[in-house]
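First the structure, in the form of structure tokens, and then the observations on it.
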Amino acid sequence: MAVIGFDTTVFPRLDYKDPKGFWRQIDELVEFFSSNSQELSMVKSSVPALVAAFDKLDPLIQSYTAKVCPYCGTVCCANKFGFPEFADVVVFLSLGLDIPDYNLDVDEEAICQFIGEKGCVLPRIQRPYRCTWYFCDPLLVQLEIGPAKDYRSFISDLQELSRARGELLRYFYEVWQEKGTSVR
């Protein structure tokens, strides 16, 4: 199965360095979803596949991060990586999730505001996508030296997540383009 995603660069950039603009864009997206509920029915119909993909992938990633992350000397989860992209917010809203209460006035280089004692306090499905697909070298080594079955499942599950997310974003983009939205 080929990795089928979606080019999220077609969406505007959320600028976490401009808190008013950041939250204005999110509010406009919330309004867009509210005002176009009927037109977004295909987006909603793609939600179960995306949820299933996250649910299938999460336990494997959690088992490996539990082995590797507590012993890491360099925490790669920094605030600047924990802020969402436009596509992340689209996915959160499509899933009916609340947008996390991002504190945009934090040091962007500091450990992510959502890191708790046992890792990220946000469910994987409510994290920026980059938090799911980023794998540091030590984590990749553990996956590669672990059981081959786990590695094959990991690759297959990650491809399915990319496909399901890409489908949802494609459906959203079609409506978003058609409506000529002011969200920019």
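None of the figures in this text is laboratory data; all of them are computed from the coordinates on show. Since we're looking at a predicted model, the values are computed, not measured. Note that each Cβ is placed from the backbone with ideal geometry, even for glycine, and that neighbours are counted across all protein chains shown.
For the chain, C69, C72, C76, C120, C131, C136 have no disulfide-compatible partner, since no other Cys C-beta lies under 4.7 Å from theirs. Under 5 Å from the amide H of V106 lies no amide H of any residue 5 or more positions distant or on a separate chain, with H modelled from the backbone and absent for Pro and chain starts.
What stretch of the chain, leaving out the sites themselves, is the longest with no GluC sites (Glu not before Pro) in a DSSP loop having at most 11 other Cβ atoms within 10 Å?
So the longest stretch without any such site is 1-108.
The phi-based Karplus calculation (6.51 cos²θ - 1.76 cosθ + 1.60; θ = phi - 60°) puts the 3J(HN,Hα) values of the range 27-34 at 4, 5, 5, 4, 5, 4, 4, 5 Hz, whole numbers, x for Gly and Pro.
Could you name the lysines in cross-link range of K17, using Cα to Cα under 27 Å and dropping any fewer than eight places away on the same chain? Straight-line reach from K17, under 27 Å: K80. Considering only I145, S63, Y129, the residue lying farthest towards the positive end of the dipole of the chain is I145, judged by Cα position with unit charges set on Cβ.
Summing Lys and Arg as +1 and Asp and Glu as -1 over all other residues whose Cβ lies under 9 Å from the Cβ of N79 gives a net charge of -2. Just want the answer: with Cβ charges of +1 for Lys and Arg and -1 for Asp and Glu, which residue in A87, S37, L158 is farthest toward the dipole's positive end in the range 8-177? Farthest along the dipole direction, towards plus: L158.
Taking the Cα centre of the chain as origin and assigning +1 to Lys and Arg Cβ atoms and -1 to Asp and Glu Cβ atoms, the resulting dipole is close to 380 debye.
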